[in-house]
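One structure is given below, encoded as structure tokens.
The values are calculated or read from the model by the stated rules, or taken from the named source; none is laboratory data. Model, not experiment: these values are computed from the prediction. Cβ sites come from the backbone with ideal geometry, for glycine too, and all protein chains shown count toward neighbours.
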Amino acid sequence: MDQNTIMIVVAIVVVIAAALGWLAWSRQRSTRLRDRFGDEYHREVSRTGNVSQAEAELAARERRVAKLHIRPLSHEDAARYGQSWRAIQTRFVDDPRAAVSEADRVVGEVMHARGYPVGDFEQQVADISVDHPDVVINYRAAREIAALHARGQASTEDLRQAMVHYRALFADLLEIDDAHPADVGREHVRRER
């Protein structure tokens, strides 16, 4: 073989190796994003209609949240928010509409205390989806019901469902096991003893 042929063969091998490396990296990235985001991954693929575009969006979310200063709540803050949550749940019996509004407010306060920016709902959902992908759907559902409530179109059952959704997100944000929702906040108090 002459030197030109050898160089062409080497170039072809390098291109094939690079293509295989890129393909392996792409598959690994897809698997990692699918595993991390779960249903949110599939929702984003469905929304964009394009796997590459959806994965780029999810990776951008990860980069954005990595720049934020997300922190756990102190035990005292977690206990205080847990007490607030129990009061909201109790209030639901007598005034479900006010309890749902209060639940939305307290979830927003917890997100802010953890370091998530508050403001634009879609940005909040995107940020929350990075660390709490299993419950971000609850946040969307609760906010949809809250919007119905604001228009006077939510039934008491809708409001109860909103509370269930808010509670799932709330417990996940507090980073506690939600074995019994009424105990949200008490777990942190017990751990300190």
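General remarks:
- Single match in Ala99, Ala103, Ala78 (criterion: touching a Leu at 6+ places or on another chain (Cβ under 7 Å), of a type in the set (Gly, Ala, Ser) and part of a helix (DSSP H, G or I)): Ala78
- Number of the exception - Val14 against (1) surrounded by 10 or more Cβ atoms within 10 Å (Cβ to Cβ); (2) under 27 Å from Pro117 (Cα atoms); (3) not charged (D, E, K, R): (2)
- Where a residue in segment 106-123 is part of a helix (DSSP H, G or I) and its partner, wherever it lies, is buried (at least 17 other Cβ atoms within 10 Å of the Cβ) and of a type in the set (S, T, N, Q), with Cβ under 6 Å and at least six apart: Val106/Ser84
- Among residues of segment 10-29 that are in the same structural domain as Val51 (by TED's automatic domain parsing), those with a Cβ under 7 angstrom from a residue that is at pLDDT 90 or above, sequence gap 6+ or separate chain, pair up as Arg29/Glu55.
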